[in-house]
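The values are calculated or read from the model by the stated rules, or taken from the named source; none is laboratory data. Predicted model only: the values in this text are computed from it and were never measured. In this analysis, Cβ positions are derived from the backbone assuming ideal geometry, glycine residues included, and neighbour counts consider all displayed protein chains.
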Amino acid sequence: MTSSTPYSTIRHWHRRTRTLARKPLRPRTPQGRLQATHGGLRAACVAGKRMGSFRLLLGRVLAREGDLYAAITVCPCRVHADLFGDNDHAMYPLAPHATGETCLLVEIAIGDAYGAGFEFCARERIVQHNTLAAYASHALGSEAGRYTDDTQMSIAVAEVLLSEPAPGSDAFAEAFVRCYRRDPRNGYAKGLQGLLDECADGAALRQRIRPASRRNGAAMRSVPLGLISDKTQLAQTARAQAVVTHDTPEGVTSAHVVALMAHSLLYDGVELADLSAQVKHHTGFQLRNDWAAEVECDAIQTLHAVNTALQRNRRLSDLLRDCVDFGGDVDSVAAIAVGIASLSPEYQSDLPARLVDGLEDGMYGRTFLARFDVELGGRFPALAGCFAPSLVPEGNSIWR
């Protein structure tokens with residue numbers, strides 16, 4: 001068996017299973033089963049208690065062909081295929097490289113890195129180059145495909161969620177400093193970046209910062225907060241992380257709204273058309289769906305732009321282009337919108353492989369983000385499924 005044959009086989013198998021899984025399930029019993037076969041490979045998934053929704057199909061089975069193992073996983077948001085060799089227990093997620101399917105932080109980073117090439121650029125550049133054909137370099141000099149502060153601070157928030165059951169502002173401040181100092185990068189507001197360069201820890205940052213900003217920095221890093229299952233804790237945590245840098249009504253509200261949008265799709269099964277009403281019910285904030293102007297680094301403008309783009313698209317590729325078309329602070333709009341959309345079964349995950357493969361892959365790049373998504377899936381059951389099972393003998397299967 002050549003090295004190319006199994007990948008081709010799994011790709012076909014993955015697409016076939018994904019097609020089957022997207023069909024509504026209406027079995028007679030509390031548990032329903034879907035399965036697909038291709039050659040010696042067999043994939044199956046099991047539906048949960050609520051039927052008829054792809055995002056609620058959860059399951060994993062492991063199959064073997066020759067000296068290679070294949071695992072199919074049906075996550076809350078997507079079907080995910082992995083390939084293993086007999087002597088290689090590392091995970092090879094085919095989705096990012098073969099089908100465009102990715103996970104939460106990877107998608108946030110793609111939106112961020114792609115949008116960064118168009119941040120506050122001339123309209124002519126957007127018209128000419130916003131085609132998803134490739135990443136563009138950032139005006140500040142960052143190379144194409146490199147994510148910015150939006151993703152780095154989202155990583156920091158996610159790290160706190162993994163380590164702290166009820167995190168406070170000090171934990172977030174510490175994480176912001178830690179993540180920046182281990183991997184300094186451009187994209188931050190000049191004042192904040194200067195403090196991060198000078199402060200050794202979170203305590204020093206909190207002593208020196210004046211968190212009176214009404215900009216979108218607290219919102220741009222809040223998508224991972226949607227993983228919190230309890231709405232009261234979500235609101236408290238969104239506020240705790242926001243006040244470190246944006247202790248204003250706009251900063252706190254924008255963080256809460258972004259987190260709640262992600263949470264509502266992941267836990268409540270809210271349809272995109274009902275998302276604004278859900279946000280209004282829980283926060284009192286009315287999202288607009290008709291934003292048409294350039295987006296400043298403004299928390300409220302960013303919320304309206306994100307919701308507008310989310311409502312009028314149903315493919316991640318179209319969503320990403322639409323976010324950039326606004327002009328202005330489009331990396332933040334794209335990072336938030338693509339991250340939220342990745343949690344919705346109404347969105348087709350079709351980000352081009354050239355953008356997935358073109359995302360930076362250094363120490364904290366694509367591979368790091370994919371592995372971090374695995375950890376998040378292990379910690380938060382609603383996002384579970386994007387992690388590799390232990391290898392088992394031929395003919396056996398495992399479900400998680």
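The listed residues are P93, P167, and the only one of them that is of a type outside the set (A, V, I, L, M, F, W, C) and at pLDDT below 95 turns out to be P93. Screening segment 182-224 for residues that are assigned to a helix (DSSP H, G or I) and among the acidic types (D, E) and picking the one that is nearest to S137 (Cα to Cα) gives D197. Checked against the criteria, A335 counts as in contact with a Gly (Cβ under 6 Å, 6 or more places away or on another chain), modelled with pLDDT of 95 or more and assigned by TED's automatic domain parsing to the domain that holds G111.
Tell me, yes or no, whether segment 256-265 has at least one residue that is touching a Phe, Trp or Tyr at 6+ places or on another chain (Cβ under 9 Å) and under 19 Å from A173 (Cα atoms). Within segment 256-265 (the criterion being touching a Phe, Trp or Tyr at 6+ places or on another chain (Cβ under 9 Å) and under 19 Å from A173 (Cα atoms)), the answer is yes, since at least one residue qualifies.
Considering segment 241-329, the qualifying helices (runs of 4 or more DSSP H), each wholly inside and each with 3 or more residues that are without any contact (Cβ under 8 Å) to a residue 40 or more places away in the chain, surrounded by fewer than 21 Cβ atoms within 10 Å (Cβ to Cβ) and not aromatic (F, W, Y), run over 275-283. If only residues of segment 126-181 that are among the hydrophobic types (A, V, I, L, M, F, W, C) and not in a helix (DSSP H, G or I) are counted, the one that is surrounded by the most Cβ atoms within 10 Å (Cβ to Cβ) is A136.
Step by step: first the residues of segment 330-343, then only those that are small (G, A, S) and more than 20 Å from T253 (Cβ to Cβ), then the one that is surrounded by the most Cβ atoms within 10 Å (Cβ to Cβ). Which residue is that? Step by step, filter segment 330-343, then rank; the result is A334.
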